[in-house]
Amino acid sequence: MSRTRHVGLPRWVFIPALLAVVFVALPVASLATRINWADFGSLITSDAAMSALGLSIRTSAASTLLCLLFGVPLAVVLARSEFRGLGLLRSVVLLPLVLPPVVGGIALLATFGRQGLLGEHLEAFGLRIAFTSIAVVLAQTFVSLPFLVVSLEGALRTAGEKYDVVAASLGAAPTTVLRRVTLPLVLPGLASGAVLAFARSLGEFGATITFAGSLEGTTRTLPLLIYNLRVTDADAAVAMSLLLVVVAVVVIGLVRPRVAS
Amino acid sequence: MRRLLTLLLLLPLTACGDDAGSRDGEKETLTVFAAASLTKTFEELEKQYEDDHPDVDVKLSFAGSSDLVAQITEGAEADVFASADNKYMDKLVDADLAAGDPAEFATNTLIIAVPPGNPAGVKTLADLTKKDLQLVVCAPEVPCGSAAVTVAESAGLTLKPVSEEQSVSDVLAKVEAGEADAGLVYVTDVKGAGDKVEGVAFPEAASVVNHYPLVAVEGSDNADLAQEWIDLVLSTEGQQVFADAGFGPPSS
């Protein structure tokens, strides 16, 4: 990455920029002032905490995988094809970004719940989704899919179609072009989209509690455990919150440097 | 351009100013923090109170008792606190935020809520331990959850819920939606839900009675108004409102 600045920045932009950083960082840093450091270790290694963290990581990984499986083709369609209703399609895909997560949860219930549109039929096959870890994964996928799609679509549009056209003119089939040219070119965008989706899944709360319920080891992810603990055991809730922040920072930090290079 | 920028920067500030300004209105405000299970009854009492005090605007804030205590200890301005459980009232007392002794004004007991028609055929408390029955209860940390655990223990049963919710209204919502076959809630919740759920009463419920105390909050600017609210709750007409909603009479 080149660090040369071609155009100087006006000095004043640093003031609001700094305020913005402080606005986000200060509340998170303030968490540390509420921590009971003496018990911190035992609080974050309790059975309930470990079980919630493990469940959060497993379900977030599963939902990120689903986002990749379905989101990558969707982003390619949005960026590289033209048909009537494309704009409408894009708005639909972006909906979970603006919907309150609780609304997402109610919508998922209406679809996959026992009396839901699909859930009713799945129930007949003996497949029950409500109150299972699958419900958690579905809730997380619902809210995080747009993060992947938006990042990837943006990257695809920025990369342009020059190399795709060249590859195709040299005789490569569409699948080969996609696999060997298009996707490798947007790998950083794809990686950052996947990280965003994972991080969003890790923090998912509203849709999960509405749709999946809350049971240790099955549906009680870290955010749900924090919500449970926040009034009954404030020390534990704060410790768990810091744990979640650390995990999120590690996840984002691990991939960001590679994206930038 | 610069003028526009200044305007945009000031906009949020003026919005805050308006908010603070509304307190200077002519009406006095009485803020009542009450457990979520009291929603319907307290809303009814609000009407009576405001009829008796035309110059007072009653503001009701409903949430879990545990949430409300946390909010008050964090500095939320409440004049009266009504809890669904002595445990959370004790927290307020321990924090030196109760003005005087809390007074008990109602009791509540558990009942099994089932979807209309009772598709899983729940008849007794023991039926809740049936395999494949989707049971939802409150988490043990909240009053309705600790009551559920105590009731089950005293009956020698171990409940295996598919979900432990944070509030009784979340349990009720999952039964109403037909997601759960049964849920443990309060008698008043089933009564308040109308046709959306049915109640299955069980004799063991008598072993766990929830007590509802209320108290004026220390440091309130409206101590007199707060006391009048408490008097209304404890009055004969106030007590009738609770009886109509399915609450039991205070035990002390």
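No lab work stands behind these numbers, since they all come straight from the coordinates. As the structure is a prediction and not an experimental result, all values here were calculated from the model. FYI the Cβ positions are ideal-geometry reconstructions off the backbone, even for glycines, and counts take in every protein chain you see.
Between residue A:40 and residue B:153, the FRET efficiency from the beta-carbon distance, with R0 = 56 Å, is close to 0.95. The loop-placed GluC sites (Glu not before Pro) in the stretch A:104-174, going by DSSP, include none that has at most 14 neighbouring Cβ atoms within 10 Å of its Cβ. Label sites at residue A:170 and residue B:221, each approximated as a point 7 angstrom past Cα along Cα to Cβ, lie 7.6 nm apart.
Computed from the Cβ-Cβ distance with R0 of 35 Å, the FRET efficiency linking residue B:244 to residue B:87 stands at 0.85.
If we count other beta carbons within 10 Å of each Cβ, what is the order of A:183, A:43, fewest first?
Working: A:183 17, A:43 22.
Going from sparsest to densest Cβ surroundings: A:183, A:43.
Note the angle between two axes, namely the Cα long axis of helix B:39-52 and the longest principal axis of the Cα atoms of chain B, as a number of degrees from 0 to 90, rounded to the nearest 10. Helix B:39-52 sits at roughly 40 degrees to that axis.
Centroid-to-centroid, using Cα positions, the stretch A:202-222 and the stretch B:26-46 are 31 Å apart.
Paramagnetic label reach from residue A:179 (point 7 Å along Cα→Cβ; backbone nitrogen cut-off under 16 Å): within the stretch A:64-80, residues A:73. The protection proxy used here, the mean number of other Cβ atoms lying within 10 Å of each residue, ranks peptides A:139-149, A:26-36 as follows, highest first: A:139-149, A:26-36. Using 1/(1 + (r/R0)^6) with R0 = 56 angstrom and r between the beta carbons of residue A:249 and residue B:52, what's the FRET efficiency to the nearest 0.05? Efficiency computed from Cβ-Cβ geometry: 0.50. Given their separation in residues at 0.36 nm each and the Cα-Cα distance between them, residue A:9 and residue A:77 gain 20.7 nm when the chain is fully extended. Inter-part distance, the stretch B:194-224 to the stretch A:101-180, computed on C-alpha centroids, equals 45 Å.
Enumerate the residues in the stretch A:176-194 having an amide nitrogen under 18 Å from the point lying 7 Å beyond the Cα of residue A:28 toward its Cβ. Correct set: A:192-194.
Between residue A:61 and residue B:160, the simple spin-label model (points 7 angstrom out along Cα→Cβ) gives 2.7 nm. At the listed q of 0.08, 0.11 Å⁻¹, the Debye profile of chain B, built from one uniform point per Cα, gives log10 I(q)/I(0) equal to -0.38, -0.65.
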